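The values are calculated or read from the model by the stated rules, or taken from the named source; none is laboratory data. Keep in mind that this is a model prediction, so the values were computed, not measured. Every residue, glycine among them, receives a Cβ derived from its backbone with ideal geometry; neighbour counts consider all protein chains shown. For the accessible areas, the whole protein counts, side chains as well, though only heavy atoms, and no ligand, DNA or RNA atoms are used. Shrake-Rupley method; radii C 1.70, N 1.55, O 1.52, S 1.80 Å.
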Amino acid sequence: MGRMGLAQRLSVITSDRQLDVLVDGPEDGTVLLFHNGTPTAAVPIPQLSEPAAKRALRTVTYSRPGYATSTPNPGRSVADVVADSEAILDQLGAEKCAVLGWSGGGPHALACAALMGGRCLAAATMASVAPYNSGDLDWLAGMGPENIEEFGAAAEGPEVLVPVLERWKADLANVTGEQVAASLGGLVSDVDKAALTGEFAEVMAAAFRRAISTGIEGWLEDDLAFMRNWGFDLASIRTPVAIWQGGQDRMVPYAHGKWLAARVSGAHPRLFDEEGHLSLVHHIERILDDLMALAGLQQTTTP
């Protein structure tokens with residue numbers, strides 16, 4: 001099996017934009033298309049790519065429009081991720097993929113499950129936000145104060161949201177691994193603080209820094225997209241989807257995962273009272289095995 005020694009950064013050109021893409025793992029492996037959280041951009045994530053490579057999965061992630069060197073796409077919807085994802089798969093010569101989305105990447109993984117047809121074999125979400133306009137979910141309840149401020153501003157529109165994001169951009173521009181937990185303030189529970197150490201903390205800090213390296217446009221576009229209609233019907237999903245969520249999550253409360261598990265057609269709930277938002281990283285091997293089983297992929301691991 002061909003292996004890539006280091007992650008490879010690519011520029012994928014669509015009809016009118018450029019996408020910042022990172023590819024890591026066996027060249028002939030099944031693509032694991034990973035959608036980052038908000039606000040992060042594509043950086044190497046060994047906590048994901050290494051166990052994925054052992055399972056013959058090729059980890060492919062990209063910076064959504066407006067993040068890092070990906071061309072902004074103002075007014076984009078969550079559903080717009082599908083055209084970008086398919087452009088990336090086309091350039092890589094990959095017909096099918098399994099999809100994983102964490103946090104703000106969760107809705108984008110669900111869009112792939114809903115709209116990519118048989119090209120998406122299965123999807124999994126980790127701490128995914130639910131639709132804002134759901135009507136029967138108290139969307140902000142249980143969030144840390146920073147998220148209440150951020151999404152309260154997003155609901156009022158870009159003229160209110162931009163100053164908030166610009167203020168926080170200054171805090172993240174040079175954040176280090178040692179500082180990242182403190183920088184998240186009331187968004188991290190004790191279980192998440194315990195997870196956000198060492199190499200994983202360095203990875204998260206790097207993802208934050210790269211995300212806002214060219215400004216806040218990607219962050220702004222993500223937040224506004226969450227507020228709008230996502231562009232697809234959760235009940236129409238026929239692709240197998242696993243919903244992973246933790247009860248100690250202050251970024252995306254437990255109620256969001258329960259809501260999605262009850263409304264995504266054929267969802268497979270994976271709900272853990274004792275886990276948080278970031279501590280789900282400790283379950284990554286279980287998540288990958290589960291995703292592969294749902295996708296019908298052979299469960300082969302290498303040392």
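Odds and ends about this structure:
- Considering only Ala109, Gly66, Ile45, the residue lying farthest towards the positive end of the dipole of the stretch 39-144 is Ile45, judged by Cα position with unit charges set on Cβ.
- Carbon and sulfur %, accessible surface of the chain computed with the full protein complex present, 1.4 Å: 51
- The residue among Asn147, Gly29, Ala225 whose Cα reaches farthest toward the positive pole of the charge dipole of the chain, with charges on the beta-carbon of Lys, Arg, Asp and Glu, is Gly29.
- Taking amide H atoms as placed 1.01 Å from N in the peptide plane, the amide H of Ala127 lies under 5 Å from those of Ser103, Trp244, Gln245, Gly246, each 5 or more residues away in sequence or on another chain.
- Candidates per GluC sites (Glu not before Pro) in the stretch 60-152, loop by DSSP, up to 12 other Cβ within 10 Å: Glu95
- Translational D in µm²/s for the stretch 107-185 (Stokes-Einstein at 4 °C, 1.567 mPa s, Kirkwood Rh from C-alpha pairs): 84
- Count, lysine Cα pairs under 30 Å in the chain, 8 or more residues apart or across chains: 5
- Rounded accessible area of Val191 (nearest 10 Å², 1.4 Å probe): 50
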